[in-house]
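Read-outs: derived from the displayed coordinates by stated rules, not from any lab. Bear in mind that the values here come from a model prediction, so they are computed numbers and not experimental data. All Cβ positions, even for glycine, are placed from backbone atoms using ideal geometry, and neighbour counts span all protein chains on display.
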Amino acid sequence: MSMNVSPAGYEPLLDIAFAHPIRLIASALGPPPADVIDRARAANVKVAALAGTTAHAVKHAEAGADIIVAQGSEAGGHTGEVGTMVLVPEVVDAVSPVPVLAAGGIASGRHMAAAMALGAAGIWTGSVWLTTAEAETEPVVKQKFLAATSSDTVRSRSITGKPARMLRTPWTDEWEREDSPKPLPMPLQPLLVGAALNRINRSATTPGSGAHELATYFVGQVVGSINTVRPADRVVLQIVEEFIDTLTALSGHLDV
């Protein structure tokens, strides 16, 4: 959904989406509006909604969302403060029988097995795709992701005006300084910094510009586990294969 959450902002985007044979549409910033739910129902399209707290998940379910995505603080982009391990079972219990997908810190079959053990019906992944061969991530940022550790991200309001997890850089550090101005609320912050960020991305490959150090993008803590460029289909296969291997290993603990 657009950061402009008024009908004038999202309806043109919905027109484009529904012109294609889509099966799912997701709301990431608040409960899906009633008109979106109605339009999706008429087109036989499921509606998902992302939640960083149990209270928000309940509101999404009450609004009519078909799927709740419980997104822990480890995730990239806009997140709350509750970790995935705590959030997922809380949301599962609160919105049952609405299915819940676990998100935040998930990039492997072991992560998937843990999510399913918490009661999730499946997983919702994001950061793992940013370094795939097919990803359109800026090349400089992709290389920074591949070199990053799980400690190299920060929740910052410096790009959108809302707390969003991204790669920590001098850009995010400057916005956190005590003597720096506070970020503006969404949608004003993107209007303030958009042009500067575009210049940074354009100049990031220019030697001596300093833009390389400033370049950043949204990514979760699981970036520390993503160290190679892989085709997207291989990512899927490896998650599934490791999920099966993990369940097989766990079943061995039940032998008596």
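Structural remarks
- What the Cα convex hull of the range 7-125 gives, in volume per residue, is 104 Å³.
- With the simple model of a label 7 Å out from the Cα in the direction of the Cβ, E242 to R202 spans 3.9 nm.
- Phi angles across the range 43-53 convert, under the Karplus curve 6.51 cos²θ - 1.76 cosθ + 1.60 with θ = phi - 60°, into 3J(HN,Hα) values of 9, 6, 10, 6, 10, 10, 9, 8, 9, x, 9 Hz, Gly and Pro given as x.
- Residues M112, M85, M186 in ascending order of nearby Cβ atoms (within 10 Å, fewest first): M85, M186, M112.
- Theoretical gain in end-to-end length, S251 to A135 [0.36 nm per residue, Cα-Cα removed]: 38.2 nm
- Distance histogram for the chain (every C-alpha pair counted, 5 angstrom bins, percent rounded to whole numbers): 1, 6, 11, 14, 17, 18, 15, 10, 5, 2, 1, 0, 0
- Net charge contributed by nearby residues that have their C-beta within less than 13 Å of A113 (K/R +1, D/E -1): -2
- For the range 16-58, fraction of C-alpha pairs farther apart than 13 Å, in %: 54 percent
- Evaluated at q = 0.18 Å⁻¹, the base-10 log of the normalised Debye intensity for the range 58-129, with identical point scatterers placed on the Cα atoms, takes the values -0.61.
- Bridge type composition, the chain - antiparallel percent by DSSP, nearest 5: 30 percent
- Over the chain, Cα pairs under 8 Å with separation of 6+ residues give a relative contact order of 17 percent.
- Sorted fewest first by neighbouring Cβ atoms within 10 angstrom, S73, S251 come out as S251, S73.
- Averaging 1/r across all pairs of distinct Cα atoms in the range 129-256 and inverting the result yields a Kirkwood radius of 16.7 Å.
- In summary, the lysines within cross-link reach of K46, defined as a Cα separation below 22 angstrom excluding same-chain residues under 8 places away, comprise K59.
- When you work out D = kT/(6 pi eta Rh) for the range 127-201 at 4 °C and 1.567 mPa s, using the Kirkwood radius from C-alpha pairs as Rh and the Stokes-Einstein form, the result is 96 µm²/s.
- Couplings 3J(HN,Hα) for the range 75-89, derived from phi with the Karplus relation 6.51 cos²θ - 1.76 cosθ + 1.60 (θ = phi - 60°), are 5, x, x, 5, 9, x, 10, 9, x, 4, 4, 8, 5, 4, x Hz, where x marks Gly and Pro.
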